[in-house]
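Asker: Below is a structure I'd like to ask you about.
Just so it is clear, none of the values below were taken in a lab; they were calculated from the coordinates. Keep in mind that what you see is a predicted model, and the values were worked out from it rather than measured. Because the Cβ atoms are built from the backbone with ideal geometry, glycine has one as well, and the counts that use them run over all protein chains shown.
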Ligand SMILES: Cc1cc2nc3c(=O)[nH]c(=O)nc-3n(C[C@H](O)[C@H](O)[C@H](O)COP(=O)(O)OP(=O)(O)OC[C@H]3O[C@@H](n4cnc5c(N)ncnc54)[C@H](O)[C@@H]3O)c2cc1C
């Protein structure tokens, strides 16, 4: 199956179940279970699960366009996270629970987990093993950020739940690649919306996109979107057992362009982009949240730099061996 | 938007070139200090270029019939990446191998191909690019230097400037006005191959702010050229130049201009045992890896026979921004540790790259012009 055959039906489904009004409703506290069951019935959530375990047996690279689409539609559910969690569960020989699964990658109680508010389970990396904990067994507190679906999770002692095989580089590296891919999808959607707006909005008698200052900023925005996507692809290319270096390149790059992308999108839209009623904010709020989730650019640069400084090779050779191999 | 710039891998048969090219480079550049190696694509060494030609590392994208290796853009990527990351002096063959030979192959007559390409592949025919003029920089369509038809061929009058390596080159491929006036813009421009030994050609090197003389001004006073000097179609110069610039803008040279400095700095950090620059180092690694993936993605479009003009502009703008950020950040890091001694070699390398860095986003088309091309690709113009 080629990428577009996979993507088109998925994208169509997201366009129907995650209309901006529906996204807003979930963010406002409405029940997301109908949206989730459509998604679950589509079968896409088992895309990464091996065929012998009843999944589609696809690689992370193959489904990267689906993860991008989840970002592009501002889906208010941890669908990409669930895909990864289901693959890890299958790898341990376990059947997946039905509901949405969020990823907690810090190992400490009190951490912030994206989409925790709409998750039924959280897959927690405790440093030496992963535990799949039902959300009801955890202490959940909202972050207080307007309309955010992220929550703080906590536990006493060790969280109760089933043990899952931990990927070599930990859950954080894998989550970072997924997060980078979500950012890339959101970035491309923002780029489309912003370019369209620049071509339609007229000031001083011509579309604002005819102004050279805006063209220069929009060109940088396009570069940022391209950069985020190719870095995410570098991470996805290594599959579920991603190396820390490749994950670092993906997340550091995506995180470092995310804030500027959001900033340019808002700048070009002017005041209307700030209003709650306009859809832009559904995307830009996520971009900022994801930049911080699973390690920002500073965190991953530190990981990458420490590994680089410990190796006597030349930089280009090192990158080829650690990221492209 | 820009969905064509997608992850591509270097084919294993081209990767296999690495050990051989590494060995050849090591035997030539091992003794050069970092500040010499940092000059890489301004470093002129005709003997080294001939050695590369002899070993089959030039003309990698060109047909065997003309002395090339018939391997394609990926093989060239591997070789170029090795040359630049080692800081080998590549100026002598650089332009001929990258731009002139593919241009002659694509638009030249059979006689022109046979006359020039085999010599380029041997590292023996050196070319320069005559586009810029004192009045025509970013606005290339306004070139004034004229080639008039005579009964024997062409007569050229005018001046080019900033011509990299004109003083060492055998030929210039010049963008000239063959009809109309500068007001006619793209119409009436043609490319001609000018033998720089022809009477009436005067080349004057221009010294740059680092003390090097790598570019020059070139004057044409009634220079007589044969009919065969025309390359491609008369009046087709603009179209040909645009395609040529995709070769110039997409390659690894738009990422690796400061990589010798980067490695010299990392060796310094390792030698003094400092670990506080880890975040900065990591940022550089993430950027290099991403740019490399983009440049390979662009190379893949070239390999498909496309002319990825907009994509190449993205790679170049992004790459030169990185190349220019490096010396600024490394300078800050080193001088943020005033009690830590820096070797002369590293200090000279840092300041050489710092001083020459503004040229990175000028040569081959300025940042503002490239962003204009990207904006056009987005439908904004
Ligand atoms: C190291 C080096 C090597 C070179 N080698 C060669 C060579 O081998 N052959 C050759 O032909 N040329 C060569 N060049 C010339 C190079 O291509 C030109 O410098 C470049 O195209 C810019 O032209 P200019 O210098 O005349 O600047 P200008 O065109 O005068 O530009 C000055 C500034 O104005 C900006 N600007 C101009 N027009 C616009 C616009 N429409 N919108 C927004 N901003 C604008 C530019 O971006 C720039 O910032 C070389 C240059 C350098 C630095």
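Asker: Please compute the modelled spin-label separation between residue A:202 and residue B:271, points set 7 Å along Cα→Cβ, answer in nm with one decimal.
Answerer: 6.5
Asker: To continue, here is another question. How high is the FRET efficiency from residue B:197 to residue B:4, r the C-beta distance, R0 41 Å, rounded to 0.05?
Answerer: 0.45
Asker: Set the Förster radius R0 to 25 Å, insert the Cβ-Cβ distance between residue A:59 and residue A:4 as r into 1/(1 + (r/R0)^6), and round the FRET efficiency to 0.05.
Answerer: It comes out at approximately 0.95.
Asker: Quick check on the exposure proxy: order A:13, B:294, B:131 from fewest to most C-beta atoms within 10 angstrom.
Answerer: If I rank by nearby Cβ atoms, fewest first, I get A:13, B:131, B:294.
Asker: Using a Gaussian network model on chain B with a 10 Å cutoff between Cα atoms, which of B:190, B:27, B:40 fluctuates the most?
Answerer: For chain B, modelled as a Gaussian network with Cα springs under 10 Å, the answer is B:27.
Asker: In whole angstrom, note down how far apart the Cα centers of segment B:102-136 and segment B:194-213 are.
Answerer: Value for the Cα centre distance between the two parts: 18 Å.
Asker: Okay, moving on. Arrange the following residues from fewest to most other Cβ atoms within 10 Å of their Cβ: B:339, A:241, A:279, A:294.
Answerer: Fewest-to-most ranking of B:339, A:241, A:279, A:294: B:339, A:241, A:279, A:294.
Asker: Sorted from fewest to most neighbouring beta carbons within 10 Å, what does the list A:8, B:110 look like?
Answerer: Result, fewest neighbours first: B:110, A:8.
Asker: Using helices alone, what [θ] at 222 nm do you get for the protein assembly as shown, with -39,500 (n - 2.57) per DSSP H run of 4 or more residues, divided over all residues and rounded to the nearest 500?
Answerer: One gets -16000 deg cm²/dmol as the mean residue ellipticity at 222 nm.
Asker: Who wins for biggest fluctuation among B:264, B:26, B:216 in a Gaussian network model of chain B, springs between alpha carbons below 10 Å?
Answerer: Among B:264, B:26, B:216, the largest mean-square fluctuation in the Gaussian network model of chain B belongs to B:26.
Asker: OK, next. Report the residue, chosen from A:34, A:232, A:119, that carries the largest GNM mean-square fluctuation when chain A is represented by alpha-carbon nodes joined by springs under 10 Å.
Answerer: A:34
Asker: Along the Cα-to-C-beta direction of residue B:149, a point sits 7 Å from the Cα; which residues of segment B:160-185 have their amide N less than 11 Å from that point?
Answerer: Answer for this model: B:179.
Asker: Let's test the formula: R0 of 22 Å, r as the Cβ-Cβ distance of residue B:109 and residue B:184. What FRET efficiency results, to the nearest 0.05?
Answerer: Taking R0 as 22 Å, the efficiency between residue B:109 and residue B:184 is 0.25.
Asker: Where in segment B:269-301 does the amide nitrogen come within less than 18 Å of the point 7 Å from the Cα of residue B:337, taken along Cα to Cβ?
Answerer: Flagged as within label range: B:269-285.
Asker: Relative contact order of chain B: what whole-number percent is it, with Cα pairs under 8 angstrom and at least 6 residues apart?
Answerer: Result for chain B is 17 percent.
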